[in-house]
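Let me begin by presenting the structure, written as structure tokens, before commenting on it.
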């Protein structure tokens, strides 16, 4: 299922991350569990933001607050207010933050069925669809497409497993 174009996207993200280098160590990030509805409420009410699927995905995968994820995307991935962020920028930012990305083969073809397939798998996964990105974190889909909120038959393009390394800055 993994198309060579997406392999090239990951390779390009690795090249960009090497060229830009790691993020400054002043970004010490507290571990925070983010729920989709809470994150959406914060981004809509307090920041007046839309198109934040990538912000919530980054906050979920990196276990940081949605406000911090939004600020990191704005500063290091050139995210514009009320606009989405290209997936290349997400992957590059995660690599610069000290995470590793690897393609993950799945049999599922839609967001509805992939939740069942990855329900018992540990780790974080970026699930890419056309013009949307979702995150599954330790078996829980943290997105509007969660089967408990609004099941979606959007077609999955590729899945990337996100793993922290010892270079991730935490306190």
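Each value in this text was obtained by applying a stated rule to the coordinates, not by laboratory testing. Note that this is a predicted model, so its numbers are computed, not measured. Quick reminder, even Gly has a Cβ in these numbers, built from the backbone with ideal geometry, and neighbours come from all protein chains shown.
Taking all Cα pairs closer than 8 Å and separated by 6 or more residues, the relative contact order of the stretch 1-151 comes to 26 percent. Which of these, 15, 135, 53, has the largest mean-square fluctuation under a Gaussian network model of the chain (Cα springs below 10 Å)? Among 15, 135, 53, the largest GNM mean-square fluctuation belongs to 15.
As a proxy for reagent exposure, 4, 134, 163, 128 were ordered by neighbouring Cβ count within 10 angstrom, fewest first; the result is 4, 163, 128, 134. Show that you can apply the helix-only estimate: for the chain, add -39,500 (n - 2.57) for every DSSP H stretch of four or more residues, divide by all residues, and state [θ] at 222 nm to the nearest 500. So the helix-based figure for the chain works out to -10500 deg cm²/dmol.
Between residue 120 and residue 8, the contour length at 0.36 nm per residue exceeds the Cα-Cα span by 37.4 nm. Note on 158, 20: ascending count of other Cβ atoms within 10 Å places them as 20, 158, the fewest first. Counting neighbouring beta carbons within 10 Å and listing from fewest to most, the residues 41, 96 come out as 41, 96. Work out the FRET efficiency for residue 168 and residue 44 from their Cβ-Cβ distance, taking R0 = 35 Å, and round it to the nearest 0.05. With R0 = 35 Å, the Cβ-Cβ based efficiency is 0.75.
Projected onto its three principal axes, the C-alpha set of the stretch 1-102 covers 38, 33, 23 Å, listed from the longest axis down. Remark: the chain is approximated by an ellipsoid whose semi-axes, taken from the C-alpha gyration tensor as √(5λ), come to 22, 20, 15 Å, largest first.
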